[in-house]
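The values are calculated or read from the model by the stated rules, or taken from the named source; none is laboratory data. In this text the structure is predicted, and so the values were computed from the model without any measurement. Positions of Cβ are generated from backbone atoms using ideal geometry, with glycine treated the same way; all protein chains shown enter the neighbour counts. Side chains are part of the model used for accessible areas, which takes the heavy atoms of the whole protein and leaves out ligands, DNA and RNA. Shrake-Rupley method; radii C 1.70, N 1.55, O 1.52, S 1.80 Å.
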Amino acid sequence: MDASASDPGAPRDDAAVGDRTPEARPGRPPRTSRPTLAAVARAAGVAPSTASLAFSGSGPVSEEARERVLAAAAALGYDGPDPRARSLRRGRSGVIGVVLDDRLSDAFRDPVNVLTLDGIAEVAGAAGASLLLVRSPLDDERGLGPLVDAPMDAVILIGCNRRIDSAVAVLRRRAIPVVAIEADDIEGAVPVHLDNREASHRAAAYLAELGHEQVTVVSLPLDASHRRGPLDEDRAHTTAAFISTERLLGVREVFPDAPAVEAAASSVEEGRIAGAALFAPGVEVPTAVVAQSDLLAVGVVSAALEAGLRVPEDVSVVGFDGITVDDSLFHRTHIRELTTLVQPFVPKGEAAARAALAMLDGEQPEPAWFRSELRVGDTTARPRTWPATVAASASASASLPSPSTPSPREQTTSGDPA
């Protein structure tokens, strides 16, 4: 008789035991069992607790013992403790969920979201946590399903509006900490604020100091319908889009009657579409445009130049974000830098991650506040002193005027530009 069968204390032949299962099921491929930490410890000649400490990197383990454990693990094909088992022991998944208030395919076209996620990932990764991206429940056919079912220890909302309150209520019932970046007041969530309204006010005040009076806003989307076109007042007052509304209100504190054009997304192409409407033939052109993102601002600049206008001599353009703009348009003009509001996207993300981790440790972090800085670039100047409409011939031409060449309207007017 096999010694191990007669002696209960003798070591078991794990390979022999594992081989019996596939033989009992003819026709099925043999299953390969995952090597265990105990097997690694036996092979290395150490206690399982020592092997565990060698993998975790914490605790008093000699370098020689650690090397024996890692060598044994490599020989057995053991890659480390099962994260699912570790999660069960700790009572945590090790995952922080991130909810963006847009389709993920759209969200990742905007560098601001990517840079904010960089900040979150930097802090979360240093703490050993992973990130799980979750579609907004307002844009998911399963409604609250992902937030109810996803294995998350904490959730960070990015730019979500007040309509997400019901989803946050679900998270609170699950006792999951919630942090909200640039969101309306959401009950139970720790806020990370950006001065969207105050910053937009500063940009508008700067234009007013230059002498501008005819200012138009190109806004971010106001809801998931992704409409584009002139923004009527009813829609402006009823929208739940927090960031768009705050930035519009900031401009209108300086220019109360400033009209707004809604873009369908934060992109250069949507900025071009909005700009094409503002600079269409026969339309009185504003002296300045405040775009609610740098991507929109680049598109507006492109549309102005394609309409035969000069930036900033004929129309000034201000953006928001302070991203690095890589657009071929700027290589064909004197423009090297947008006038824009520079926001601290990475620190925002870092603050949100720190708040989420603090809440997991039982702390109650204070709200965080961040300020955007006005950076004056090459796209703003004093306003022109003549009325402006774009001639049909100028609009039809896609040529970009040289900075030293008078625009079509300057050649036909007697006023002196400022």
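Identify, please: which residue in the range 98-122 is open to solvent by 10 Å² or more (accessible area, probe 1.4 Å) and within 19 Å of A189 (Cα to Cα) and is, among those, nearest to the chain's Cα centre (by Cα)?
L117
Scan F279, F255 and give me the residue that is of a type in the set (F, W, Y), more than 23 Å from the chain's Cα centre (by Cα) and surrounded by 24 or more Cβ atoms within 10 Å (Cβ to Cβ).
Only one candidate qualifies: F279.
Cβ-Cβ below 6 Å, separation at least six or inter-chain, first residue in the range 183-196 and on the phi > 0 side of the Ramachandran plot, second of a type in the set (G, A, S) and assigned to a strand (DSSP E or B): which pairs?
Close Cβ pairs satisfying both conditions: none exist.
Take the conditions assigned to a helix (DSSP H, G or I) and at pLDDT 85 or above and apply them to R68. Does it pass?
yes
Please determine, by comparing only the residues of the range 240-252 that are open to solvent by 20 Å² or more (accessible area, probe 1.4 Å) and under 25 Å from the mean Cα position of the chain (by Cα), which one is nearest to T324 (Cα to Cα). Break it down stepwise before answering.
So the first thing to find is which residues in the range 240-252 are open to solvent by 20 Å² or more (accessible area, probe 1.4 Å), and the list is 242-243, 245-246, 249, 252.
Add one more test, that the residue is under 25 Å from the mean Cα position of the chain (by Cα), and what stays is 242-243, 245-246, 249.
Details: F242: 25, I243: 21, T245: 25, E246: 24, L249: 26 Å.
Per the stated criteria, the residue is I243.
Quick grid of which residues meet (1) in contact with a Pro (Cβ under 9 Å, 6 or more places away or on another chain); (2) part of a helix (DSSP H, G or I); (3) at pLDDT 85 or above; (4) of a type outside the set (S, T, N, Q):
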residue	(1), (2), (3), (4)
V40	yes, yes, yes, yes
T50	no, yes, no, no
G59	no, no, no, yes
A72	no, yes, yes, yes
S93	yes, no, no, no
I96	no, no, yes, yes
L131	no, no, yes, yes
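With respect to the numbered conditions (1) closer than 17 Å to S372 by Cβ; (2) small (G, A, S); (3) under 19 Å from the mean Cα position of the chain (by Cα), which one is the sole condition not fulfilled by A180?
Condition (1) is where A180 drops out.
Looking only at the range 314-358, how many residues end up being open to solvent by 10 Å² or more (accessible area, probe 1.4 Å), at pLDDT below 95 and assigned to a loop (DSSP other than H, G, I, E, B)?
The qualifying residues number 9.
Can you say whether R202 is modelled with pLDDT under 90, open to solvent by 20 Å² or more (accessible area, probe 1.4 Å) and either at negative phi or of a type outside the set (S, T, N, Q) (or both), as far as the supplied structure shows?
no
So, R173, is that one among the basic types (K, R), open to solvent by 20 Å² or more (accessible area, probe 1.4 Å), more than 21 Å from the chain's Cα centre (by Cα) and more than 22 Å from L360 (Cα to Cα) or not?
Judged against the criteria, R173 is not a match.
Does the range 217-230 hold any residues that are more than 15 Å from R197 (Cβ to Cβ) and buried (at least 20 other Cβ atoms within 10 Å of the Cβ), and which are they? Before the answer, list the steps.
Just the residues of the range 217-230 that are more than 15 Å from R197 (Cβ to Cβ), to begin with: 218, 221-230.
Within the range 217-230, V218, P221, L222 meet the criteria.
Return yes when G322 is free of Cβ contacts under 8 Å to residues at least 60 places away in the same chain and not polar (S, T, N, Q) and no when it is not.
So G322 fits the description; yes.
Could you list, in sequence order, all residues of the range 176-186 that are part of a loop (DSSP other than H, G, I, E, B), modelled with pLDDT of 80 or more and either under 25 Å from S219 (Cβ atoms) or among the aliphatic types (A, V, I, L, M) (or both)?
Passing the criteria: I176, E182, A183.
Out of curiosity, is R375 farther than 30 Å from I176 by Cβ, basic (K, R) and either open to solvent by less than 50 Å² (accessible area, probe 1.4 Å) or modelled with pLDDT of 95 or more (or both)?
Here the answer is yes, as R375 does meet what is asked.
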